[in-house]
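Before any comments, here is the structure.
The values are calculated or read from the model by the stated rules, or taken from the named source; none is laboratory data. The structure displayed is predicted, hence computed values, not measured ones. Note that each Cβ is placed from the backbone with ideal geometry, even for glycine, and that neighbours are counted across all protein chains shown.
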Amino acid sequence: MANTPTDTKATPPQTSAMSVIAPAIGWLIPGAGHLIQRRWIRGLLLMVSIVTMFLLGLAMQGHIYHPNGGDILDILGFVGDVGAGGLYVISQAMDWGQGAIAHAVSDYGTKYLIVAGLLNLISVADAYHIAIGKKP
Amino acid sequence: MNLQLSHFSAAVLFAVFASVVFGITQRSTSREQIRYGLYCFVLFVGGVFLAGWAMWLLRR
């Protein structure tokens, strides 16, 4: 049986207020984008993982990057850090993560901070996909 | 506060958190999420051991 044009046409994503609110809240508070969509376990696991990773990075004396236009790695470091949203804002306000990288563990701390931000960006994208109905 | 972790424990903790996020975000059903999270964790930790042995061989 031949497919009609409507069969082959991809369904457009459902745009709603939630598709804007969930990613925004999820960026500001890691995991909250899932929590407001009633994905309780996923949201809590994401929140615990990302927040713990960020706090461990701070505890290891990791470096937090400021907005800059210099070295490409510094710019990318800033992009990663800012992905952590509210955690980044709080750490900037409290002047945390300003120590010089003095030993190998501090370098791990810096990577923890950047990756926590990048993981939060993945979490934000996932919250968006749930909001538009692309993912259950 | 100054947390001092060994290289190995820092790498394993990193693997735990990254695997949880990858598992949840990259798969749809709960079963697939657990399986993919465990798969990522094994790859991360396996990569640590492989890199460790590679560096040991290069150093000799």
Problem - Residue match in the range B:28-50 (condition: part of a helix (DSSP H, G or I), of a type in the set (S, T, N, Q) and more than 16 Å from the chain's Cα centre (by Cα)) - result: yes
Handout entry: Failed item in (1) surrounded by fewer than 19 Cβ atoms within 10 Å (Cβ to Cβ); (2) at the interface with chain A (Cβ under 9 Å from one of its Cβ atoms), with B:Tyr36 passing the rest
Key = (2)
Completion exercise
Picking from A:Leu28, A:Leu76, A:Leu121, the residue that is in contact (Cβ under 8 Å) with a residue 40 or more places away in the chain, farther than 17 Å from B:Val20 by Cβ and under 15 Å from the mean Cα position of the chain (by Cα) would be A:Leu28
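Rundown of residues vs (1) surrounded by fewer than 19 Cβ atoms within 10 Å (Cβ to Cβ); (2) modelled with pLDDT under 95; (3) in contact with a Lys or Arg (Cβ under 7 Å, 6 or more places away or on another chain), yes/no style:
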{"position": "A:Thr11", "(1), (2), (3)": "yes, yes, no"}
{"position": "A:Ile41", "(1), (2), (3)": "yes, no, no"}
{"position": "A:Gly69", "(1), (2), (3)": "yes, yes, no"}
{"position": "A:Ala84", "(1), (2), (3)": "no, no, no"}
{"position": "A:Gly109", "(1), (2), (3)": "no, yes, no"}
Handout entry: Lone unmet requirement of (1) free of Cβ contacts under 8 Å to residues at least 12 places away in the same chain; (2) more than 11 Å from chain B (Cβ to nearest Cβ) for A:Thr52
Key = (2)
Problem - Criterion violated by A:Ile130 - all others in (1) of a type outside the set (Gly, Ala, Ser); (2) under 23 Å from A:Met18 (Cβ atoms); (3) in a loop (DSSP other than H, G, I, E, B) satisfied - result: (3)
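Looking only at the range B:4-15, which residues are within 9 Å of chain A (Cβ to nearest Cβ), out of contact with any Lys or Arg (no Cβ under 8 Å at 6 or more places or on another chain) and buried (at least 17 other Cβ atoms within 10 Å of the Cβ)?
Result: B:Leu5, B:Ala10, B:Ala11.
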Practice task
For the range A:122-136, indicate whether the set of residues that are surrounded by 21 or more Cβ atoms within 10 Å (Cβ to Cβ) and either among the acidic types (Asp, Glu) or modelled with pLDDT under 95 (or both) is non-empty.
Solution key: yes
Practice task
Answer yes or no as to whether B:Gly23 is buried (at least 16 other Cβ atoms within 10 Å of the Cβ), more than 8 Å from chain A (Cβ to nearest Cβ), in contact with a Cys (Cβ under 9 Å, 6 or more places away or on another chain) and not hydrophobic (A, V, I, L, M, F, W, C).
Solution key: yes
